[in-house]
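Enquirer: This structure is in structure tokens; I'll ask about it shortly.
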Amino acid sequence: MPIEPKIPSFKEIGLAAGIACLVAMAPATANQAAAQDASAAEEVDPIDPVAIAALDEMAAYLQTLVSFRVTSDATTEVVLEGGQKIQFGGTIDLAVHRPNAFKVVSAADTRTREMYYDGKAFTIYAPRLGYYASFDAPPTIGQTLDTARTKYDIEVPLADLFTWGTDQTVRSRVQEAMVILPEKIGDRTCIHYAFRQEMVDWQLWLEEGDKPLPCKIVITSKDDPSMPQYVSVLHWDLTTPVPAESLAFAPPAEAHRITMADVEAVVGEEQ
């Protein structure tokens, strides 16, 4: 059952000693006291198993989707040297055909990027600048995302939607997890969950029902004292077909190919 929003208490201590004392002083009520103390111990557990189970259900469901489209309204906070937060808005359009094709268009006033994967190559394209670069890619989406991140320092927006349930270290990094409340996001009823890790707090809203799709994601960075946030509201289309061939990159005639090593230099030109 969802609980009212609150911070878990960690003040309950000495339960074992208390139970032993009650058994000695009042045998008739020892079982009742022990049950109450055990219940209190469960309440202070910082990880609610219901919240973790919701993650598992979402991950299992997302892995069943062969093709889909997602549109995200995203807001990113940037902290200036003086500590002032500045927000930037944008959209992310994602089209996927598993196991080996996707297209991501990330558009904002500051910059626009398009990313393509066709099972053989990953391409990043800056349409305003007219430059693109590619690398030979592994045969699956998950492997390609890992190569882009670890070898070329490229983070694909909404990459977690591909990898939920495949990264077994996510569970071990969660230090706190709680269920908040059902809430309305547009015309959807979504269950609100909150999680804590060492360097980030994150919140997740999952659509109520048999299709636990993410409705909203909020990520709060704790490595900056100002704790900037990233917010993404997601809109799903599971009915429109997404043929894999429609996601391949076709360079415009005026586009110029560069090496992947030059991508960071090009990024700086558009800021």
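Residue by residue, here is whether (1) more than 16 Å from the chain's Cα centre (by Cα); (2) under 22 Å from P252 (Cα atoms) holds:
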| residue | (1), (2) |
| --- | --- |
| V70 | no, no |
| T75 | no, no |
| F88 | yes, no |
| N100 | yes, no |
| Y132 | yes, yes |
| Q143 | yes, no |
| T147 | yes, no |
| T150 | yes, no |
| W164 | no, no |
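Enquirer: Same structure again: So the check is Cβ under 8 Å with 6+ separation or different chains; which pairs have a first residue in segment 124-138 that's within 11 Å of R113 (Cα to Cα) and a second one that's among the basic types (K, R)?
Expert: Matching pairs, first to second residue: I124/R113; Y125/R113; A126/R111; A126/R113; R128/R111; Y131/R257; Y132/R257.
Enquirer: Condition first: outside any loop (DSSP other than H, G, I, E, B) and either in contact with a helix residue (DSSP H, G or I) (Cβ under 8 Å, 6 or more places away or on another chain) or at pLDDT below 90 (or both). Now tell me which residues in segment 252-271 satisfy that.
Expert: M260, A261, D262, V263, E264, A265, V266, V267, G268, E269, E270
Enquirer: Tell me, which residue of segment 206-232 that is out of contact with any Ser or Thr (no Cβ under 6 Å at 6 or more places or on another chain) and among the acidic types (D, E) is modelled with the highest pLDDT?
Expert: This residue is E207.
Enquirer: Might you check whether a residue that is loosely packed, with under 15 Cβ neighbours inside 10 Å, farther than 24 Å from P49 by Cβ and in the same structural domain as D223 (by TED's automatic domain parsing) occurs anywhere in segment 154-176? First the steps, then the outcome.
Expert: In the first step, residues of segment 154-176 are kept if they are loosely packed, with under 15 Cβ neighbours inside 10 Å; the result is 155, 166-169, 171-173, 175.
From the residues that got through so far, the ones that are farther than 24 Å from P49 by Cβ too are 155.
From what's left, in the same structural domain as D223 (by TED's automatic domain parsing): 155.
Yes: one or more hits.
Table: residues versus (1) over 30 Å from T239 (Cβ atoms); (2) modelled with pLDDT under 55; (3) basic (K, R).
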| site | (1), (2), (3) |
| --- | --- |
| S9 | yes, yes, no |
| A17 | yes, yes, no |
| A59 | no, no, no |
| V70 | no, no, no |
| D73 | no, no, no |
| V79 | yes, no, no |
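Enquirer: Residue by residue through segment 185-228, note down the ones that are hydroxyl-bearing (S, T, Y), without any contact (Cβ under 8 Å) to a residue 40 or more places away in the chain and over 20 Å from I86 (Cβ atoms). Before you say what the answer is, go through the steps one by one.
Expert: Taking segment 185-228 and keeping what is hydroxyl-bearing (S, T, Y), we get 189, 193, 220-221, 226.
Restricting the remaining residues to those that are without any contact (Cβ under 8 Å) to a residue 40 or more places away in the chain gives 189, 220-221.
The answer is T189, and nothing else.
The values are calculated or read from the model by the stated rules, or taken from the named source; none is laboratory data. Source: prediction; values computed, not measured. No Cβ is skipped: glycine too gets one built from the backbone with ideal geometry, and neighbour counts run over all protein chains shown.
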